[in-house]
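Derivation of every value follows stated rules applied to the coordinates shown; laboratory data play no part. On a predicted model such as this, the values are computed, not experimentally measured, just so you know. Positions of Cβ are backbone-derived with ideal geometry, glycine not excepted, and every protein chain shown enters the neighbour counts.
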Amino acid sequence: MAGTRYTAGSPELSAYISGANEFTPGKDIPLTIVIQNTGLNEYKFINSVIVDRDDLPNTAKFLTVSLNPGDIPIVIKSDSQMVGDLKGGNNANAVFSIKVKSDAVAGTYQLPIALNYTYLYAADQFGADTIQYQYKTVTENLTTPINIKSDVSIDVLEATPEHLNAGAEGYIRLKIKNTGSEFGTKSIVKITQNGNSPIVPTDSSVYIGDFPPGSIAECQYKVAVSTIAERQAYPIDVAVVYQNKEGDFVTSRTDTIGIPVGGKTDFAIVSTPPELNPGNKKTITVEFKNTGETTVYSAQARISAVDPFTCNDDVAYLGNLKAGESAKASYIISVDRSATIKEYGLDSEIRYRDALDNTHISDTMKVAINVSNPAGIMTILLNPIYLSVLVAIIIGIAYGIYHYRMKKQ
């Protein structure tokens, strides 16, 4: 049978990006590079004494594709890609993971592509059954255009909390800058809850209109903080929805920022437990302290009297209390004569308003009251038996005095 020999030919490689080559700053992109081999085998000989070659001169063997970002504002996350042997007239794909930098300047860039391969340069036949192959290794540097779109990119310059505490509502004031190259129109700055963050927006959108590159916008949002929040910073997400120059509404990349949150508003009883006796009625004074980190307004302290206690007026006005301040509340408490001698705890709570005029009720606190045996004259006055004997004695003395005076008359 006749064999075939090609005396001229080599790979001719070119590269381009598959699909759209326009990308947005801040995005992660799977970038597909298509390698095309248009190399031809120019001279072909057929003869019965020729031994067929294993490879063709226009085949790029062990083809490896590499990307170099050069001065393009991208980050290439993939290593070189091995695509194998690429015969003439065929294509091969190499997929890379890249990220366009968030501060990338819009424009058209030339993406450097390095191709490394080996091809059959020559083949010398000796006799009827021996061939000596000569291969060459080649590195080709190509480029393909890549476009980076203009967009609105934001940077939060300031994030200031106001009256932001666990279990309450407050405000967040933001100052954001358009660090991108797009002139945004009909722009809306939005904040959203980040995952399970305890900061939940009540007002999530602020309209700012035109947002040209380099401009700064200030926004204010009302947010609520969960009662489970601790005294620390929590994340929220910020983004801008705007109309671009094509008339489409798009959303900028999200910027996540930390917002400090104060601790929960809380109170403590700092006064000494009052002393009462069975059958006694007394005005007690309870001192409440604001142990939280923010001022409370129009605070009222309520006490819940249960058996063996009764209370004529169970609510006392405390007024405004700054963090660390205390106020005293007075209650008229009666103790039943049958009360057991021991220390009791009466439930109390404070109703107050925050800086946004929202009403809150504190956790329940225990007002300790010691019920003890009376001392001195009170022992007689509060014991019905002793009191009866004392009354009888007084009546007897009064009768004796009366009888003595009557005799003298």
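List of remarks:
- Antiparallel bridge percentage (DSSP; both residues within the chain; nearest 5): 95
- Estimated [θ] at 222 nm from DSSP helical runs (n ≥ 4, -39500 (n - 2.57)) normalised by residues in the chain, nearest 500: -2500 deg cm²/dmol
- GNM flexibility winner over the chain from Thr295, Thr38, Thr251 (Cα, springs under 10 Å): Thr38
- Assigned charges on the beta-carbon of Lys, Arg, Asp, Glu; the chain dipole about Cα centre (debye): 2140
- In order through segment 321-336: 3J(HN,Hα) via Karplus (6.51 cos²θ - 1.76 cosθ + 1.60), integer Hz, x for Gly, Pro: 10, 6, 4, x, 7, 10, 8, 9, 10, 10, 9, 8, 10, 10, 10, 5
- Here the 3J(HN,Hα) profile of segment 218-228, calculated from phi with Karplus coefficients 6.51, -1.76 and 1.60 at θ = phi - 60°, is 10, 9, 10, 10, 9, 9, 10, 10, 5, 5, 7 Hz, Gly and Pro shown as x.
- When the chain is treated as a GNM with alpha-carbon contacts under 10 Å, the residue of Thr254, Thr340, Thr185 showing the greatest mean-square fluctuation is Thr340.
- GNM flexibility winner over the chain from Ala224, Ala20, Ala94 (Cα, springs under 10 Å): Ala20
- Structural descriptor for segment 154-261: relative contact order 32 percent, calculated from alpha carbon pairs under 8 angstrom and at least 6 residues apart.
- Straight-line cross-link reach from Lys87 at under 21 Å between alpha-carbon atoms covers these lysines, not counting any fewer than eight positions away in the same chain: Lys44, Lys61, Lys136.
- Percent RCO, i.e. relative contact order, over the chain, from Cα pairs under 8 Å lying at least 6 residues apart: 10
- The distance separating the Cα centre of segment 62-104 from that of segment 143-177 comes to 33 Å.
- In the chain, a dipole from Cβ-located charges (positive for Lys and Arg, negative for Asp and Glu) runs towards its positive end, and of Ile172, Ser348, Val240 it is Ser348 whose Cα lies farthest in that direction.
- If the Kirkwood radius is taken over C-alpha pairs of segment 267-373, then at 4 °C and 1.567 mPa s the Stokes-Einstein diffusion coefficient equals 91 µm²/s.
- Per-residue 3J(HN,Hα) values for segment 174-180, derived from phi via the Karplus relation 6.51 cos²θ - 1.76 cosθ + 1.60 with θ = phi - 60°, read 10, 10, 10, 10, 7, 8, x Hz in sequence order (x marks Gly and Pro).
- Largest first, the three principal axis extents of the alpha carbons in segment 154-261 are 45, 21, 17 Å in whole numbers.
- Cross-link reach list, aspartates and glutamates versus Lys77, counting only Cα pairs under 18 Å and skipping chain neighbours closer than eight places: Asp28, Asp103
- Our compactness index for the chain, the C-alpha radius of gyration over the empirical 2.2 N^0.38 Å, is 2.07.
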